[in-house]
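Report on one structure; see the data block that follows.
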């Protein structure tokens with residue numbers, strides 16, 4: 001019966017006149033915050049199909065595609081990007097609150113365009129630097145540009161995002177030596193794929209990369225949680241460059257080592273472009 005009441009009452013809110021140049025969403029709940037959240041969610045739904053399609057394509061083109069990961073971050077990505085939603089109308093009937101959320105398409109478009117311009121400007125600056133491995137960061141920026149472009153296309157039919165063209169890099173042999181603790185295969189595999197994508201292939205050569213990966217459990221006095229730390233040390237024998245970073249994360253007790261690795265994987269993956277640029281292979 002409560003569900004039926006929500007539907008009936010929401011019909012009165014739907015009568016709100018959504019002006020040209022705006023997107024509107026309606027939602028109901030047992031209190032104001034719940035109604036506002038439901039109304040905002042309606043606007044978010046208008047973007048999710050578009051974003052999911054482009055986001056999936058962008059991740060695949062970037063060389064990483066994990067369907068579970070993509071679906072996990074879609075809601076978070078859309079929520080973070082939909083800035084400027086306001087609540088313009090509320091109405092309460094029979095103990096149920098309904099609300100209308102509004103998004104100004106012009107302001108939203110300009111905000112997204114500014115983000116795209118900033119990413120492309122950063123990519124162009126990187127290209128001018130002349131470092132071969134800047135393409136790693138350019139690819140990351142291009143992935144974000146594609147995702148932002150998918151958001152923009154919801155409110156602008158003719159919108160087009162233009163990422164920086166990434167050249168096909170000629171492969172050069174490089175010797176890769178891995179050391180470390182057990183249960184590092186997921187991180188090792190990602191590193192190898194990234195090194196290959198930056199124009200290198202495994203083989204004996206003057207260029208050498210030594211990687212030490214350590215996954216360790218740290219003492220923690222918090223009931224129900226454990227703390228893990230991933231230490232990544234990468235060293236290049238050409239130029240004698242070294243990059244070392246550690247990633248730590250609280251994880252609920254009882255998780256398998258594979259699940260622990262998955263939690264740390266996202267942080268590690270997002271840092272990789274900086275590793276390769278800093279390493280200057």
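Please give the FRET efficiency for residue 30 paired with residue 241, using the beta carbon to beta carbon distance and R0 = 51 Å, rounded to the nearest 0.05.
Details: r = 58 Å, r/R0 = 1.14.
Taking R0 as 51 Å, the efficiency between residue 30 and residue 241 is 0.30.
Can you compute the FRET efficiency between residue 83 and residue 196 using 1/(1 + (r/R0)^6), with r the Cβ-Cβ distance and R0 = 41 Å? Round to the nearest 0.05. List each step's numbers first, then the result.
Details: r = 37 Å, r/R0 = 0.91.
Working from the Cβ atoms, E equals 0.65.
FRET efficiency for the residue 221 to residue 115 pair, using the beta carbon distance and R₀ = 45 Å, is estimated at 0.60.
Here the extension length gained between residue 168 and residue 48 equals 40.0 nm, from 0.36 nm per residue of separation less the Cα-Cα distance. Look at the alpha carbon pairs under 8 Å that are at least 6 residues apart: their mean separation over the length of segment 143-281 gives a relative contact order of 19 percent. When the P(r) of segment 108-216 is calculated, the portion above 25 Å amounts to 42% of the C-alpha pairs.
Taking 0.36 nm per residue of sequence separation and removing the Cα-Cα distance, the residue 207/residue 248 pair yields an extension gain of 11.7 nm.
Prolate is the label for segment 207-281, because a/c, from the alpha-carbon gyration tensor with a ≥ b ≥ c as root eigenvalues, is 1.5 or above and a/b exceeds b/c.
Would segment 134-191 count as rounded, prolate or oblate if I go by the C-alpha gyration tensor, calling it rounded below 1.5 in a/c and otherwise prolate when a/b exceeds b/c, oblate otherwise?
Numbers: a/c = 5.51, a/b = 2.06, b/c = 2.67.
Oblate, since a/c reaches 1.5 and b/c is not below a/b.
Taking each residue as 0.36 nm, the span from residue 278 to residue 94 lengthens on full extension beyond its C-alpha to C-alpha distance by 60.1 nm. Could you tell me the center-to-center distance, by alpha carbons, between segment 172-186 and segment 84-158 in angstrom? Centre-to-centre distance over Cα atoms comes out at 37 Å.
Where a number appears in this text, it was derived from the coordinates with a stated rule and is not lab data. These numbers were taken from a predicted model, which means no experiment stands behind them. All Cβ positions, glycine included, derive from the backbone under ideal geometry; neighbour counts span all protein chains shown.
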